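Peer 1: Can you read through this structure? Questions will come right after.
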Amino acid sequence: MWSRYCQTTCAVVCKDLNLITGELHFLRKSSHCTQIATHGHGNHCNQASLYIHWPYCQKRCSYCNFNKYISRNVDNDRMTRCLVTELKNLLGISGVSSITSVFFGGGTPSLADPQTIFEVLEVVKETSSLADRAEISIEVNPTHLETKKLVDFQHAGINRVSVGVQSLKAGDLSVLGRDHTVEEAVRCVLESRKLFPGRVSVDMIFGRPNQTIDQWTEELQELLKICDSHVSLYQLTLERGTKLFKQVHQGTLMIPDGDVMAEMYRASVEILERSGLCRYEVSNFSTKDAQSLHNRSYWEGRQYLGVGPGAHGRFVPVGLGKDMREARIQTLEPDNWMFEVEKFGHATRRAVPLTKLEQLQEVISLGLRMQDGLTSSRWLEHQGGTGTLNDIFGSCPSVNNLISNNFLTLDARGMRATSEGLIVLDSILPYLLNTLTDFTDCTGR
Amino acid sequence: MLMRKIKNNYLVQTSFVSKDSAPLTWLKRKFRSQASKLTAFKFLENVGLEGTNTHVKRFVQTSTVLRANNVKKENIDLQRFPVENIRNFSIIAHVDHGKSTLADRLLEITNTISKNVRNLQVLDRLQVERERGITVKAQTASLFYNYNDEVYLLNLVDTPGHVDFNYEVSRSLSACQGVILLVDANQGVQAQTVANFYLAFESNLTILPVMNKIDLKVAKPDVVLKQLKNIFDIKPEDVLKVSAKNGTGVEELLRAVVEKIPPPPADLAKPFRGLMFDSWYDQYKGAVANVAICDGVVRKGDKIQSCNTKKTYEVQELGIMHPTEVPTGVLFAGQVGYIIANMKNVNEAQVGDTLCHDGTSVEPLPGFKPARAMVFAGVYPSDHTEFSALRNALNRLTLNDSSVSVHVDHSPALGQGWRLGFLGLLHMDVFNQRLEQEYDASVIVTAPNVPYKARVFGAKNLKKYGGEEVTILNPCHLPDPHVVKEYLEPMVIGTILFPDQYLSSVMNLCMERRGEQVDQVYIDDTRLMFKVILPLSEIVVDFFDDLKSITSGFASFDYEDHGYQVADLVKVNILLNSRDVEELTLICHRARARVTSKQVCSKLKETIPRQLFKISIQAAVGSKFIAREDIPALKKDVLAKCYGGDISRKMKLLKRQAEGKKRMRKIGNIDVPKDAFIKVLKR
């Protein structure tokens, strides 16, 4: 039964990958040319950050719709071999010679063998230049077992951790389906701080079932006592297909309404900033020198490679002789992913070329999520200098309306959302995207 | 040989049939050219088609029965029928009382159609007619009936069953000398029975009362007979009892038609004179006119003239409907048939016109007053790229329904469109349904409104409005109160029949709708008939639905035009953040202004999404605000998590929102989705 399944999927996969692997031979032969090709590009074509996806979890969280699999018998060696193979191949396809940061996400990457982390990082160092102080992060699930592995992760090359605390209330942890206790989480944070001082981030979720604003602000005060220099706060989002979604829709659980969520968020920003953790992105707070460089690179619209099941990437496949940036996604299901990697060297399921306009739309939509917004220089780098931010947005009535109502700032430094604007950013972006499209249509590009 | 040719030819085209309509046109043309030789079923069997495509199916459904029965009907000698052997009659009934089934039986018994095909409402040719079980478009059929060894020519002129089509009914009746008044033995007299009875009565037609569905277990013949006696003064012994479904009593009915209905008052010796009482448009033949020949004879090849336009035409083809067109080469006085004479469009074939021979002068027949639109509604394409397709569909449909008035209109929210005038609500519904079904047009129809009037004063205003009385179709154009002597609103007189246990709820409903009761009678021991004068505007939207629900479905309702009445009307403006939204302006009675405004405001509040700015929705009469709703500004709208995989998903969403924004109508800072307008403008 299983083998038949494999065969059928294989047939599909072969067809899918034909084109991409066919071109791989060309890549090997012409890899010496990539260096030359990349020099022509304004936006650092030989640089990228690297995301590695570990797809397995011990337990399913009730709110999570990520690409993750609960598996009792994970073949660590095979996974490691496949991650390494795909990494090498994607490095080749992208022509990237310099990795600026690495992030191990999941799933639950802290369940991975530290040896896996080590081997992946070894390949990065062998095949590209990785700066000594480059940020290498891992997401950590704060169980007792995984806390004990922190030292080994450090030895494998990790220098920053992001601890998934999510809540400091025992009841809420069980509603969220987490497999650790509050005490374990606190201990994990403290342990991490000892090993990675100044380089520990804590993930929290607010807007949980039955949560009140007062409860949340108290909890946040508790958190401030133990946390380090970086906090990520995520509003609970009900994702289709999750247990929580079902519970809320059936009425067995209630989550706070939109306006209460907004109040919680405003209160959080105020509390965190008062204690020196400044919002540098919609959901990320830190001291000045503790921002996550890896995550920043997404919002700055830089290249990134995605390795592992379901990982996403954005890069120019110079190795394939192409010059347009592509949005790429790897095969989702781990077994299929491994099968394809073993057969074809990588498991890129889809590679969609992004037009210039689409790239710029991303640059704006992501850039404005940051406190310092989209700087003029970064815009120049991406846009190519045929239209400054002011050329494009300065004379548009709907943008001016946003500016005069204090949602947006546009000046020589760049374009950014005000703190009133940041909280309703997704209602602002459509206007900006339309203005950009109109400009592009007018200038014929 | 011929068969094979068709088959081969068809098979080549088969693959296209389901994709576009070109092969359908081909099929239709082929079919028409072969129709005299073979039946539709045969034809389709031969071309190996079971009707896969809905258009083909529909076409086949409507054509099959008609064509199948159209075989071997040539060489009918109409000269055999002197005026004394001709009867022109129609059947009038409330919806669902079995009129179309009775027509089928009459056609069968007289061998007009054969019994071996399934005859389902042969005269109801439109899809909407079959679906709704109503007749919209009058049809005629000529039947040959053997009575006492003499063959009689019976012309059945079908009439629409609903009073919205009153105009069609009176047109049809003008070609008749008698009617069959059909009443359901269970449901008894209903509102439309009353309305139709009086139409026939006022036209001095012989009325044959017939009780249908006597085979039903639940039939209550005694009660129904009592009702007929009470309302129409019909003697019980005069009522024929039939079951159209089983054919019981239908033979007797045909005999009664011959015996009781007088022959048409026609004179064969006089110069030709014919009344055009209906017309329709055939894609291939042009306008086809239904004509009742009053005097003289008309033949193929004759030069005829319209008394109205003075245009002359040559008769290309003429004949009787048996039940579809059967050419006879000649039509004699007293007969009813069709004439095709190269009339380019239905406007030339003006219903009510008198036809005569070219060069003769005859006294024109009285004709009809033109249909008057009672209800108006905006019709817009749901996507403005479909504008020209919708225009074509409207043009074609109005060719067959000249009672719809068409004005070009423009709404800032819905774009270019039309304001159509209809005879009534059912007419509007039916028209829209035909538009969607027969022409695949996707349309937005706004809530109906009625033609108000204003009497202006002052020389300047008289000049400006071109007269004292101004009819207002678009609410924005209502003249200001300071130049208006009085406003007028259209009224109707309604007939409501219902069991007396619902008396108080029906009375309350009528009062609520500003009705004034003028009559109230018991039609039997338990059923009441109300006559109520109501403002048309009060019944156009949901009156009938409400009436049905408060009487558990037992009430029937019908209405007739009752002129205009002075009314205290106001114009209500809807404002979004103090800006007037023109397309939502409405006219209503002062007493209704507050309630209506509140409804509009709260509908808008439901449909306009929260935005970056607070939105206040206000309704105002002049400078006075009468309703208000606020939509608070958005408090938070930003994706919590946005990394690698989230980015593609978010961008897709943002692009869709950006596209959506472009299609919204901007009122000041506010983006109003088209949906919001549609929700408010539709009922």
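Nothing in this text is a laboratory measurement; each read-out follows from the coordinates by a stated rule. Values in this document were obtained by computation on a predicted structure and should not be read as measured data. Here Cβ is always computed from backbone atoms with ideal geometry, including for glycine, and neighbour counts include all displayed protein chains.
Peer 1: Give, in whole angstrom and from largest to smallest, the semi-axes √(5λ) of the equivalent ellipsoid of the range A:161-211, with λ running over the eigenvalues of the Cα gyration tensor.
Peer 2: 22, 11, 7
Peer 1: Something else now. Just how many % of Cα pairs in the range B:452-567 lie over 18 Å apart, if you round to the nearest whole percent?
Peer 2: Looking at the range B:452-567, the distances longer than 18 Å represent 56 percent of pairs.
Peer 1: Please give, to one decimal in nm, the separation of the simple spin-label points placed at A:Arg60 and B:Asp675, each 7 Å out from Cα toward the Cβ.
Peer 2: 3.0 nm
Peer 1: Restricting attention to the range A:231-271, which GluC sites (Glu not before Pro) occupy a DSSP loop and are surrounded by at most 15 other Cβ atoms within 10 Å?
Peer 2: Answer by residue number: A:Glu239.
Peer 1: Local charge sum around A:Glu139 (other residues, Cβ-Cβ under 13 Å, Lys/Arg +1, Asp/Glu -1)?
Peer 2: Neighbour charge sum, excluding A:Glu139 itself: +2.
Peer 1: So, one more: Using the Cα atoms of the protein assembly as shown to build a convex hull, what is its mean projected area in square nanometres?
Peer 2: 57.9 nm²
Peer 1: Using the structure shown, select from B:Lys270/B:Lys300; B:Lys571/B:Lys662; B:Lys285/B:Lys682; A:Lys59/B:Lys641 the pairs with a Cα to Cα distance greater than 27 angstrom.
Peer 2: Listed pairs above 27 Å: B:Lys571/B:Lys662; B:Lys285/B:Lys682.
Peer 1: Mind checking which of B:Gln192, A:Pro397, B:Val570 is farthest towards the positive end of the protein assembly as shown's charge dipole, using Cβ charges of +1 (Lys, Arg) and -1 (Asp, Glu) about the Cα centre?
Peer 2: Ranked along the dipole, the leading option is A:Pro397.
Peer 1: Evaluate the distance, in nm, between pseudo-label points positioned 7 Å from the Cα of B:Lys217 and of B:Asn146 along their respective Cα→Cβ axes.
Peer 2: Taking the simple label geometry, B:Lys217 and B:Asn146 are separated by 3.9 nm.
Peer 1: Which whole number gives the average, over all residues in B:649-659, of C-beta atoms from other chains lying within 10 Å of the residue C-beta?
Peer 2: 5
Peer 1: Near the amide H of B:Glu486, under 5 Å away, which other amide H atoms are found, from residues 5 or more places off or on another chain, if H is placed in the peptide plane?
Peer 2: Here the answer is B:Arg455, since their amide H atoms fall under 5 Å of that of B:Glu486.
Peer 1: Now for a separate question. What is the local net charge at A:Cys45, summed over the other residues whose Cβ is closer than 14 Å to its Cβ (Lys, Arg +1; Asp, Glu -1)?
Peer 2: +1
Peer 1: For the range A:46-149, run through the trypsin sites (Lys or Arg not before Pro) and keep only the ones in DSSP coil with at most 10 other Cβ atoms within 10 Å of their Cβ.
Peer 2: Answer by residue number: A:Arg72.
Peer 1: Would you mind ranking A:Met370, B:Met276 so that the residue whose beta carbon has the fewest other beta carbons within 10 Å leads the list?
Peer 2: In increasing order of surrounding Cβ atoms, one gets A:Met370, B:Met276.
Peer 1: Please report the base-10 log of the normalised intensity I(q)/I(0) for the range B:570-679, using a Debye sum with one equal scatterer per alpha carbon and no solvent, at each q in 0.12, 0.14 (1/Å).
Peer 2: Calculated log10 I(q)/I(0) at the listed q: -0.49, -0.62.
Peer 1: Would you calculate, for chain A, the mean residue ellipticity at 222 nm contributed by helices, counting each DSSP H stretch of 4 or more residues as -39,500 (n - 2.57) and dividing by all residues, to the nearest 500?
Peer 2: The helix-only estimate for chain A comes to -15000 deg cm²/dmol at 222 nm.
Peer 1: Using Stokes-Einstein with the Kirkwood hydrodynamic radius over Cα pairs, what translational diffusion coefficient do you get for the range A:227-358 at 10 °C and a viscosity of 1.306 mPa s, in µm²/s rounded to a whole number?
Peer 2: Translational D for this selection: 86 µm²/s.
Peer 1: Relative contact order for the range B:570-679 using alpha-carbon pairs under 8 Å, separation at least 6, rounded to a whole percent?
Peer 2: 27 percent
Peer 1: Using a simple charge model, +1 on the beta-carbon of Lys and Arg, -1 on the beta-carbon of Asp and Glu, nothing else, what dipole does the range B:375-445 show about its Cα centre, in debye to the nearest 20?
Peer 2: 200 debye
Peer 1: Tell me which residues come under 5 Å, amide H to amide H, from B:Asp302 once H is placed; ignore anything under 5 positions away on its chain.
Peer 2: Sorted by chain and number, the residues that satisfy this are B:Val315.
Peer 1: Taking just the alpha-carbon atoms of the range A:324-423, what radius of gyration and Dmax come out, in angstrom?
Peer 2: 18.8, 57
Peer 1: Right, here's the next one. Which three extents, in angstrom, do the Cα atoms of the range B:249-379 have along their principal axes, listed largest first?
Peer 2: Over the range B:249-379, Cα extents along the principal axes are 47, 42, 30 Å.
Peer 1: Tally Lys/Arg at +1 and Asp/Glu at -1 over every other residue whose Cβ is under 13 Å from the Cβ of B:Lys303; what's the total?
Peer 2: Charge balance in the 13 Å sphere: +1.
Peer 1: Along the Cα→Cβ direction, 7 angstrom out, place labels at B:Thr312 and B:Lys531. What is the inter-label distance in nm?
Peer 2: Between B:Thr312 and B:Lys531, the label points sit 5.1 nm apart.
Peer 1: On to the next question. From other protein chains only, count the Cβ atoms within 10 Å of every residue's Cβ in A:252-265, then give the mean.
Peer 2: 2
Peer 1: Above 18 angstrom, tally the Cα pairs of the range B:178-301 and express them as a % of all pairs, no decimals.
Peer 2: Tail of the P(r) past 18 Å holds 64 percent of the pairs.
Peer 1: A further question follows. Assign unit charges at the C-beta atoms only (+1 for Lys and Arg, -1 for Asp and Glu), then state the dipole size of the range B:570-679 relative to its Cα centre in Debye, rounded to the nearest 20.
Peer 2: Result for the range B:570-679 is approximately 200 debye, rounded to the nearest 20.
Peer 1: Hey, another quick one. Set Lys and Arg Cβ to +1 and Asp and Glu Cβ to -1, take the dipole of the protein assembly as shown about its Cα centre, and tell me which of A:Leu320, A:Trp337, B:Leu534 lies farthest positive.
Peer 2: Of the candidates, A:Leu320 comes out farthest on the positive side.
Peer 1: Once whole DSSP H runs in chain A are found, which of them have Cα atoms spread over 18 Å or more along the helix axis and a mean Kyte-Doolittle score of at least -0.5?
Peer 2: Both cut-offs are met by A:2-39, A:76-94, A:114-127, A:182-195, A:213-226, A:258-274, A:425-443.
Peer 1: Jot down the radius of gyration and Dmax of the range B:380-452, Cα atoms only, both in angstrom.
Peer 2: 11.5, 33
Peer 1: Averaged across orientations, what area in nm² does the convex hull of the alpha carbons in the range B:74-113 project?
Peer 2: Projected area, direction-averaged: 3.9 nm².
Peer 1: Let me ask something else. Shape of chain A from its Cα gyration tensor (a ≥ b ≥ c, root eigenvalues): rounded if a/c is under 1.5, otherwise prolate when a/b > b/c, or oblate?
Peer 2: Oblate, since a/c reaches 1.5 and b/c is not below a/b.
Peer 1: Report the charge-dipole magnitude of the protein assembly as shown in Debye, nearest 20, computed about the Cα centre from +1 at each Lys and Arg Cβ and -1 at each Asp and Glu Cβ.
Peer 2: Here the size comes out at about 1940 debye.
Peer 1: Average partner chain C-beta neighbours within 10 Å, per residue of A:282-295?
Peer 2: Mean partner-chain Cβ count within 10 Å for A:282-295: 1.
Peer 1: Pick out, in residue order, every one of the chymotrypsin sites (Phe, Trp or Tyr not before Pro) in the range B:512-597 that is DSSP loop and has at most 15 other C-beta atoms within 10 Å; say none if there are none.
Peer 2: Filter output for the range B:512-597: B:Phe554.
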